[in-house]
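Below: one structure, written as structure tokens.
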Amino acid sequence: MEEISYSVRRSERARRVRVTVAPDRGVEVVLPRRAPERAAAAAVRELRPWIERRMLEVQRARATVAARGDSVPYLGAILEVRPEAGRTRVHRRGDVLLTPAGAQRSPALERWYRRAAQAEIAPRLDAACAQAGTDYERLTIRGQKTRWASCSRSGTMSFNWRLLLGPEPVLDYVVWHEVCHLEIMDHSPRFWSLLASRCPDYRIHSRWLRRYGATLVL
């Protein structure tokens, strides 16, 4: 049986051994600071069937991304990417994104998506909070590797800009998920009941993220 190659990362914050499979990092084992090195190999052996399934999903995700060609998704729409020499910022013109050429294209695209995420998410978050009768402290846009969004106890809401690469209903679901956390911080049955009352189709969108989340990359 072929060995699975993996990398190991120590984390001061980790409380248990965690294994992730991502398009950009491959198989990574996160170890708590005091965990023995052999715990990484043991976790990979134990989780081998799951890791192999995730690796297959990543391969399919890469194929999906490669098939886009010179285009990128945006909340269900497809935008043509058109590089222009001398350009330093991305500008949208209808269904066309005018971008810098060469190596500057990808970082400029990410910056554009981050700005767009702020503009798309803020009004959705405000509307959901108004409907729920809650409020949040501030909104941040991040590029988390393992989370789509989070809600802190202080009311800081963080969302992953990559959500804009998925369908609009999925983004709306994630917004509602975090707004419900303003009232219930855990994932107890009471939380899921509250989420279902405000986003009845949440299971559909949650399954979509689990299945296609690896494709939400530039």
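Here Ala122 does not qualify as surrounded by 13 or more Cβ atoms within 10 Å (Cβ to Cβ), of a type outside the set (Asp, Glu) and at pLDDT below 95. Beta carbons closer than 6 Å, at least 6 apart along the sequence or on distinct chains, pair a first residue in segment 2-17 that is in contact (Cβ under 8 Å) with a residue 24 or more places away in the chain and closer than 16 Å to Val44 by Cβ with a second that is small (Gly, Ala, Ser) and surrounded by 13 or more Cβ atoms within 10 Å (Cβ to Cβ) for Val8/Ala40; Val17/Ala39; Val17/Ala43. Residues of segment 149-156 include at least one that is in contact (Cβ under 8 Å) with a residue 24 or more places away in the chain, in contact with a helix residue (DSSP H, G or I) (Cβ under 6 Å, 6 or more places away or on another chain), among the small types (Gly, Ala, Ser) and assigned to a strand (DSSP E or B). If you go through segment 19-39 and keep only what is among the small types (Gly, Ala, Ser) and in a helix (DSSP H, G or I), you end up with just Ala39.
Looking only at residues in segment 133-161 that are out of contact with any Asp or Glu (no Cβ under 9 Å at 6 or more places or on another chain) and of a type in the set (D, E, K, R), the one that is surrounded by the most Cβ atoms within 10 Å (Cβ to Cβ) is Arg142.
Of all residues in segment 175-207, those being assigned to a helix (DSSP H, G or I) and open to solvent by less than 70 Å² (accessible area, probe 1.4 Å) number 15. Of all residues in segment 30-40, one or more are in contact (Cβ under 8 Å) with a residue 24 or more places away in the chain and exposed (fewer than 15 other Cβ atoms within 10 Å of the Cβ). Note on segment 79-94: among residues that are hydrophobic (A, V, I, L, M, F, W, C) and surrounded by 11 or more Cβ atoms within 10 Å (Cβ to Cβ), the one that is farthest from Asn160 (Cα to Cα) is Val81. Based on what the data block shows, is Arg162 among the charged types (D, E, K, R), in a helix (DSSP H, G or I) and within 22 Å of Arg62 (Cα to Cα)? Here the answer is yes, as Arg162 does meet what is asked.
The values are calculated or read from the model by the stated rules, or taken from the named source; none is laboratory data. Just so you know, these numbers come straight off a predicted model, no measurement behind them. Neighbour counts are summed over all protein chains in view; Cβ atoms, including those assigned to glycine, are modelled from backbone coordinates with ideal geometry. With ligands, DNA and RNA removed, areas are computed over all heavy atoms of the protein, side chains included. Shrake-Rupley method; radii C 1.70, N 1.55, O 1.52, S 1.80 Å.
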